[in-house]
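Visitor: Take a look at this one; I'll ask things after.
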Amino acid sequence: MPITSGFNHVATMTTDLDRFKQWYGEVFDVEVSFEMAARDDHPRMAIVDMGGGSALNVFEVGPEAMIGERRTIGGRGAIDHFGIAVPDVPTLDKVKDRLVAIGADVGEIQKLGDEWSLFFRDVDGMELEVCAPGD
């Protein structure tokens, strides 16, 4: 049995932190638990509470830092995508409806192993996944 208790946070980047916070707020009802202005040695950042003890640590960077071809595996860097957990399929349906309503690039809900899965692209074009426990 692992001695770990899951993930604490995933660090990610955006070119517009305000847009990122608004977008994730609209889709996932998240709250910002910490925000820090840029300093000489550190970019502007926010910690976005994703629930369940997990967070996104989001760094605002210039467009030149957003490297890679985001539509192919291997072109997205060492971390291909991350999955956001929701408690059940009705919540997964709600998230899909919200993504569609704001014009996000959204796939279809599908069964992958023991979970239901929905792939989508966030406001910065990053491919992500929302997962709900299976029946």
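Visitor: Applying the Karplus parametrisation 6.51 cos²θ - 1.76 cosθ + 1.60 with θ = phi - 60° to the phi angles of the range 25-38, what ³J(HN,Hα) value in whole Hz is obtained for each residue in order, glycine and proline being reported as x?
Guide: 3J(HN,Hα) across the range 25-38, in whole Hz: x, 5, 7, 10, 6, 6, 10, 8, 9, 7, 9, 9, 6, 5.
Visitor: What does DSSP give for the chain in terms of the percent of beta bridges that are antiparallel, rounded to the nearest 5? Each step should come with its number before you reach the end.
Guide: Working: 23 of 32 bridges.
Antiparallel bridges make up about 70 percent of those DSSP assigns within the chain.
Visitor: Ok, one more. Using only the Cα atoms of the range 1-63, build the gyration tensor, take square roots of its eigenvalues as a ≥ b ≥ c, and label the shape rounded, prolate or oblate: rounded if a/c is under 1.5, else prolate if a/b is larger than b/c, else oblate. Kindly include the intermediate steps, with their values, before the conclusion.
Guide: Working: a/c = 2.37, a/b = 1.43, b/c = 1.65.
Oblate, because a/c is 1.5 or more while a/b does not exceed b/c.
Visitor: Can you list the lysines whose alpha carbon is less than 20 Å from that of residue 21, not counting same-chain residues fewer than 8 positions off?
Guide: 94, 96
Visitor: Treat every Asp and Glu Cβ in the range 1-63 as -1 and every Lys and Arg Cβ as +1, leave all other atoms uncharged, and give the resulting dipole magnitude about the Cα centre to the nearest 20 debye.
Guide: Working: 4 positive and 10 negative charges, 31 e Å.
Once rounded to the nearest 20, the dipole reads 140 debye.
Visitor: Shifting gears a bit: Using +1 on the beta carbon of Lys and Arg, -1 on that of Asp and Glu, and nothing else charged, what's the dipole of the chain about the Cα centre, debye to 20? Don't skip to the end; give the middle numbers.
Guide: Working: 12 positive and 25 negative charges, 26 e Å.
I would put it at about 120 debye.
Visitor: Nearest 500 deg cm²/dmol is fine: what mean residue ellipticity at 222 nm does the chain get from its DSSP H runs of n ≥ 4 alone, each adding -39,500 (n - 2.57), divided by its residue count?
Guide: One gets -6000 deg cm²/dmol as the mean residue ellipticity at 222 nm.
Visitor: So, one more: Can you tell me the convex hull volume per residue for the chain, based on C-alpha atoms, in Å³ to the nearest whole number?
Guide: Numbers: hull volume 18.5 nm³, N = 135.
Convex hull volume per residue, Cα atoms: 137 Å³.
No value in this document is a laboratory result; all are computed from the given coordinates. Bear in mind the structure is a predicted one, so any value in this text is a computation, not a measurement. All Cβ positions, even for glycine, are placed from backbone atoms using ideal geometry, and neighbour counts span all protein chains on display.
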